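Scroll down for the structure; my scribbles are underneath it.
The values are calculated or read from the model by the stated rules, or taken from the named source; none is laboratory data. It should be emphasised that the depicted structure is a prediction, and the values quoted were computed from it without experimental measurement. Reconstructed Cβ throughout: ideal geometry from the backbone, glycine too, with neighbour counts over all protein chains shown.
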Amino acid sequence: MPAATLTISSRNYSSWSLRGWLVCRMAGLDFETELLSGNDASTRAELLHLSPSFLVPRLCHGEIVVWDTLAIAQYLNEIRPEAGFLPKDAVARAHCRSIAGEMHGGFINLRSALPMNLKARHTGFKIFNGARGDIDRIVTIVDECLSRYSGPYLFGETPSLADAMLAPVCTRFVTYDVPVSGATAAYRDTILAWPLMQEWLDSALAEPDEIEELDMEF
């Protein structure tokens, strides 16, 4: 039996579930994934951005229960410091924490205007000013990190917590045909080719449940 259970709301639609799953896998945790029903009211509230707070992803590890992706990552970093969520260098470590925190608490326009939907493709999608500012900020983050730490991930040769936090944004760039080039395009492709991302994407494409409100025609 796995030592832990990670409860998620959706592989296709939930960016926070993806982040929580990534950090659990990055930590090498032995866990099983429990998928909530799309008909569950709290699940729909989370995915449709109708709730200011929600309790998934939620990790149950023995007597420990921790929810919220960043809290899960912090817990795993305590018990599995060898996972390498944060760079060894103090300056880079502070930079990584700042990016993870910014992603955790910001980019509201991007989340609402371009919700995660791994199965969908919206060619020529029109991006309005609010989301455009968030996208520009993401591009700046990626360009600065790849320039400073040489890539291919944000802080060097291996994925960090910051990469797990930005991974759903890379899927949005594909879903909504967001035009990016240069370093950002290379980073997007690196994240999408990450074996853990490939595993999640394969599972998401096989997920049968759909939420009509999130599959509307834009």
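Answer with yes or no whether LEU59 is more than 19 Å from LYS119 (Cβ to Cβ) and either at pLDDT 70 or above or assigned to a loop (DSSP other than H, G, I, E, B) (or both). Yes, satisfied. State yes or no: is VAL139 part of a loop (DSSP other than H, G, I, E, B), farther than 28 Å from LEU76 by Cβ and either of a type in the set (A, V, I, L, M) or over 13 Å from the mean Cα position of the chain (by Cα) (or both)? No.
Just to be sure before I move on: is LEU86 crowded, with 21+ Cβ neighbours inside 10 Å, under 18 Å from the mean Cα position of the chain (by Cα), part of a loop (DSSP other than H, G, I, E, B) and aliphatic (A, V, I, L, M) in the structure I sent? Taking the combined requirement at face value, the residue satisfies it.
All conditions but one from (1) part of a strand (DSSP E or B); (2) modelled with pLDDT under 90; (3) of a type outside the set (S, T, N, Q) apply to LEU6; the one that does not is (2). Criterion applied to THR158, THR123, THR184 was being out of contact with any Asp or Glu (no Cβ under 7 Å at 6 or more places or on another chain) and β-branched (Val, Ile, Thr), and the one residue passing it is THR158. Within segment 104-129, the set of residues being free of Cβ contacts under 8 Å to residues at least 40 places away in the same chain and outside any loop (DSSP other than H, G, I, E, B) comprises GLY105, ILE108, ASN109, ALA113, ASN129.
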